[in-house]
Amino acid sequence: MGTKQLTIGMFGFGNVGRGLYDVLNTISSKEASIKRICVRDITKERGVEADFTDRADDIFEDKDINLIVELIDDAEAAYHIVKRALESGHSVVSGNKKMLAHHMPELIELQQKHNVALLYDASACGSIPVIRNLEEYYDNDLLVSVKGILNGSSNFILSKIFNENYSYDVALRRAQELGFAESDPTLDIGGWDSLFKLIIITVHAFGCYVAPEKIFTYGISSMNDDDIRFANEKKRRYKLVAHVEKLESGKIIMSVMPQLISRDKYIYSVEDEFNGVVIKGKFYDKQFMFGRGAGGHPTGSAVLSDIMACFYNYRYEYKRMIGRTPVEYTDDVLVRVYLRYSNTEDRALFDFASIEEQYISDKYQYVVGHISLANLHKISAQIRERDLFVAAYPTK
């Protein structure tokens, strides 16, 4: 158990920062309290009685502060804050998944070098404790795969499309009105937010760090009414799925892309802004975790859980990574996909190994077939720029 109260210096007071502030005040924690909050604009009215500053030094030079909580949306600034904190001997709680996904190896090394903890359960799936479960419960070689819906904004949009017959544009606008999607929703609907979370999860699931640029990532922004009709005809629905799986060879594959999900799958029924994660093992088959993946109070509660873990001197051990032969990443694997395209030039980008089904008319053309993840990754930039849509189409 921790020997002294945690006195927190916090960076950022946006949606999650305010959520943590409210949660801490609601429970009147005796173990942790926020002493000072560093924000970009000191003149902005926040509506709370707290000690705000716009100088990072006011936090780092305060001898009473013994825990740094980083909750800002600027990944580059977050990296410098977290790095400085670790190097100065402070343990850190962070929620910045983009920063973590790009700098994980260095941050793990800094934790070990300076004998401090960096906790970030809140960075992946909000209120769902995925990372700590992977660290503690699934820390063996029985784990086969982790897949799921890791982004609430895109899932909200897809739920409105398939449950209430919204068009894609109307569903996106509704998500923005309710605050589930940003005015620039690229990170969410483009799959990038899910990618960053997947990278973090994979480090703890399989002990393997894979840089973002190596993973095929594709979102839902080019989906149209023809694609929606195809899914309905097949009695399936699209979900934006992040997926890591260990092959029989021992290598792992990773991807983020829409999938045509059948009714018998757990994540078929994950609706609105919720997240759902399916963990599969060799002998325990599938286990399903479900909860709110975003929002100030749910994510603030997850940050509080990390803070309390620090109070009890908890830290990630990276059991699957440290002292073991590294697991290799590959994209040399075939996946079954649905491709809707507009012209033969677009179709020619895709090097299909086999084709099961195709349809051609003057307004709508599609192919169902097998293609390698490596090919999809190679042409990913072109895919995002063209009038086409591709989705994984599992046989079951």
For K98, counting only lysines whose alpha-carbon sits under 25 Å away and dropping same-chain residues fewer than eight positions off, the answer is K83, K113, K147, K197, K214, K239, K246, K251, K319, K378
Fewest-first ordering of L388, L349 by Cβ atoms within 10 Å yields L349, L388
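Considering Cα pairs under 8 angstrom that are at least six residues apart, work out the relative contact order of the chain and quote it in whole percent. Spell out each step's value before the answer.
Details: 818 pairs, mean separation 75.4, N = 396.
Normalised by residue count, the contact order of the chain is 19 percent.
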Computed from the beta carbon distance with a Förster radius of 22 Å, FRET efficiency for N115 and D57 to the nearest 0.05 stands at 0.40
Expressed in angstrom and rounded, the centroid-to-centroid distance over alpha carbons for the range 1-38 and the range 79-102 is 17
Across 10 Å bins beginning at 0, the whole-percent shares of Cα-Cα pair distances in the chain come to 5, 23, 31, 24, 13, 5, 1, 0
Stretched fully, the stretch from N343 through A211 gains (0.36 nm per residue minus C-alpha distance, one decimal, in nm) 44.2 nm
If amide H atoms are modeled at 1.01 Å from N in the peptide plane, then the residues at a separation of 5 or more from L67, or on another chain, having amide H under 5 Å from its own are T7, G9
Counting only residues 5 or more apart in sequence or on a different chain, those whose built amide H sits under 5 Å from that of Y329 are I252
Using alpha-carbon positions, the gyration tensor of the range 136-270 gives root eigenvalues a ≥ b ≥ c; with a/c under 1.5 called rounded, otherwise prolate if a/b exceeds b/c, else oblate, the class is prolate
Per DSSP, the loop-located chymotrypsin sites (Phe, Trp or Tyr not before Pro) within the range 297-349 having at most 15 other beta carbons within 10 Å are Y312
Measuring from its Cα centre, the chain shows a charge dipole (+1 at each Lys and Arg Cβ, -1 at each Asp and Glu Cβ) which, in debye to the nearest 20, is 1000
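Please give the FRET efficiency for T7 paired with E248, using the beta carbon to beta carbon distance and R0 = 35 Å, rounded to the nearest 0.05. All intermediate terms of the calculation are to be shown ahead of the outcome.
Numbers: r = 50 Å, r/R0 = 1.44.
With a Förster radius of 35 Å, E is 0.10.
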To the nearest 0.05, the calculated FRET efficiency linking Y268 and H370 through their beta-carbon distance, R0 being 25 Å, is 0.60
Distance in nm between A381 and I355 label points, each 7 Å along Cα→Cβ, equals 2.8
Calc'd 3J(HN,Hα), the range 116-124, phi into Karplus 6.51 cos²θ - 1.76 cosθ + 1.60 (θ = phi - 60°), Hz, glycine/Pro = x, comes to 10, 10, 10, 10, 7, 4, 5, 6, 10
If each part is reduced to its alpha-carbon centroid, the range 278-295 and the range 305-343 end up apart, in Å, by 14
In order over the range 178-190: 3J(HN,Hα) from phi, Karplus 6.51/-1.76/1.60, θ = phi - 60°, whole Hz, x for each Gly or Pro, gives 8, x, 7, 10, 6, 4, 10, x, 3, 4, 7, 6, x
Once normalised by the length of the range 332-396, the mean sequence separation of its alpha carbon contacts under 8 Å that are 6 or more apart gives a contact order in percent of 48
For the pair A50 and N25, the simple spin-label estimate (label points 7 Å beyond Cα toward Cβ) gives in nm 0.9
With the label point 7 Å along the Cα-to-beta-carbon line of E328 and a cut-off under 17 Å to each amide N, the hits in the range 245-284 are 245-254
Quick calc, the range 207-287, dipole around Cα centre from Cβ unit charges on Lys, Arg (+) and Asp, Glu (-), nearest 20 debye, gives 380
Per the C-alpha gyration tensor (a ≥ b ≥ c, the square roots of its eigenvalues), the range 116-164 is rounded if a/c is under 1.5, else prolate if a/b beats b/c, else oblate; here it's oblate
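Bear in mind these aren't lab numbers, they're just calculated from the coordinates by the rules spelled out. Here the structure is a predicted model, which is why all the values come from computation and not from measurement. Every residue, glycine as well, gets a Cβ built from its backbone with ideal geometry; the counts of neighbours run over all protein chains shown.
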